[in-house]
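What follows is a set of notes on a single structure, which appears directly below.
The values are calculated or read from the model by the stated rules, or taken from the named source; none is laboratory data. All of these numbers come straight from a predicted model, not from anything done at the bench. No Cβ is skipped: glycine too gets one built from the backbone with ideal geometry, and neighbour counts run over all protein chains shown.
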Amino acid sequence: MWWAKAKKFLVLLIGFMTLAALVVAGVYIKKSPYFALSGIEITIEGKRFLSKRDVFERANLILGTNIFALNLKEVKKRLEFHPWVAEAFVSRKLPNRVFIKVKEEKPIAMLSINGEIWLVNEKGYIFARAPRVLLKELPALEGVSSKEIENRHLDPQKLEVLRLLVKLKKNETLVPPYANISQIKFLPDGFLLLTRDALLIKFAGNSLKEYEKAYKKLDRIFVYLYDTKQYHRVKMVRLDYPENSAALIFKKGQRS
């Protein structure tokens with residue numbers, strides 16, 4: 001009987017001592033200068049319009065703060081509130097540093113809103129005003145509704161067109177290439193594409209698959225136009241015809 005009581009007492013004593021040790025360790029960790037934040041490591045994926053200074057200021061971390069007292073979820077939230085931050089990753093790097101990695105937003109097009117030019121990312125979000133340097137690099141979007149502008153996000157049908165732009169940007173062998181696209185005008189069933197050399201191309205459909213199929217047709221048309229030296233005579237290419245057919249509209253007085 002006495003052994004059972006002694007054993008129970010011993011278990012309680014060990015539990016109490018363990019708890020006390022954890023409390024002491026916790027107090028030590030929170031107050032020890034060994035864990036005081038002494039540096040922040042920042043990595044930026046993209047780094048064209050986002051600087052390490054931008055990230056540091058947005059993170060709002062104070063050197064000397066105990067790293068275990070930092071709310072990393074809040075730091076991540078603050079970083080991702082920056083218009084040019086697409087995604088942020090924040091972690092502790094023991095004993096006294098914090099590691100931050102951010103992905104910079106990738107604009108795929110631009111949009112005029114009340115006289116100002118805004119950027120649209122690959123997921124269809126309107127996220128920031130456009131720097132002047134991008135005005136000659138990105139295609140302009142037309143036909144975006146006031147509701148989409150208010151929601152700062154394009155409708156699903158328009159996202160399919162953006163997906164096409166992303167593919168064109170990654171594959172420069174397709175014609176016309178992304179760099180030669182000046183404007184995209186959304187239509188109820190498809191879109192109009194204007195090249196920087198003033199060729200208008202009409203696409204039909206509502207899906208990326210349909211647009212890719214039309215681009216293959218367009219490639220054959222371009223080969224024909226270049227081979228016959230008629231490219232600069234054409235005003236518009238209409239791809240909104242069944243399967244292997246299309247229509248060419250020539251500039252006035254230019255048809256051979």
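Matching residues to (1) surrounded by 15 or more Cβ atoms within 10 Å (Cβ to Cβ); (2) under 23 Å from Glu160 (Cβ atoms); (3) out of contact with any Lys or Arg (no Cβ under 6 Å at 6 or more places or on another chain):
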| residue | (1), (2), (3) |
| --- | --- |
| Thr195 | yes, yes, yes |
| Lys209 | no, yes, yes |
| Tyr226 | no, no, yes |
| Val234 | yes, no, yes |
| Val237 | yes, yes, yes |
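The one condition from (1) at pLDDT 95 or above; (2) of a type in the set (Ser, Thr, Tyr); (3) over 24 Å from the mean Cα position of the chain (by Cα) that Tyr215 does not meet is (1).
Go through the stretch 165-178 and give me each residue that's closer than 20 Å to Ala198 by Cα and surrounded by 15 or more Cβ atoms within 10 Å (Cβ to Cβ). Correct list: Leu165, Leu168, Lys169, Leu174, Val175, Pro176, Tyr178.
Annotation note: of Ile184, Ile221, the sole residue that is closer than 25 Å to Leu134 by Cα, surrounded by 15 or more Cβ atoms within 10 Å (Cβ to Cβ) and either at pLDDT 95 or above or assigned by TED's automatic domain parsing to the domain that holds Ser112 (or both) is Ile184. Do you know which residues across the stretch 141-150 are surrounded by 13 or more Cβ atoms within 10 Å (Cβ to Cβ) and either among the polar types (S, T, N, Q) or closer than 13 Å to Trp118 by Cβ (or both)? Scanning the stretch 141-150 gives Leu141, Val144, Glu148, Ile149.
When each of Leu19, Leu63, Leu72 is tested for being at pLDDT below 60 and at negative phi, the lone residue that passes is Leu19.
Note on the stretch 70-113: residues that are in a strand (DSSP E or B), among the hydrophobic types (A, V, I, L, M, F, W, C) and closer than 14 Å to Thr43 by Cα total 9. If we scan the stretch 45-58, do we find a residue that is among the β-branched types (Val, Ile, Thr), in a helix (DSSP H, G or I) and touching a residue at least 40 places away in the same chain (Cβ under 8 Å)? Looking through the stretch 45-58, at least one residue is among the β-branched types (Val, Ile, Thr), in a helix (DSSP H, G or I) and touching a residue at least 40 places away in the same chain (Cβ under 8 Å). Might you let me know whether the stretch 67-75 holds any residue that is closer than 29 Å to Ile149 by Cα, outside the structural domain of Leu154 (by TED's automatic domain parsing) and touching a residue at least 40 places away in the same chain (Cβ under 8 Å)? No, every residue in the stretch 67-75 fails to be closer than 29 Å to Ile149 by Cα, outside the structural domain of Leu154 (by TED's automatic domain parsing) and touching a residue at least 40 places away in the same chain (Cβ under 8 Å). Reported count of residues in the stretch 114-135, each being under 18 Å from Ser182 (Cβ atoms) and either of a type in the set (S, T, N, Q) or outside any loop (DSSP other than H, G, I, E, B) (or both), is 7.
Would you point out the residue of the stretch 119-135, among those that are touching a residue at least 40 places away in the same chain (Cβ under 8 Å) and either closer than 23 Å to Gly190 by Cβ or not assigned by TED's automatic domain parsing to the domain that holds Leu208 (or both), that is surrounded by the most Cβ atoms within 10 Å (Cβ to Cβ)?
Taking the stretch 119-135 as the starting set, the residues that turn out to be touching a residue at least 40 places away in the same chain (Cβ under 8 Å) are 120, 122, 127-128, 131.
From what's left, either closer than 23 Å to Gly190 by Cβ or not assigned by TED's automatic domain parsing to the domain that holds Leu208 (or both): 120, 122.
Values: Val120: 27, Glu122: 17.
Ranking the qualifying residues of the stretch 119-135, first place goes to Val120.
No other residue among Leu162, Leu138 is surrounded by 13 or more Cβ atoms within 10 Å (Cβ to Cβ), of a type in the set (A, V, I, L, M, F, W, C) and not in a helix (DSSP H, G or I) apart from Leu138.
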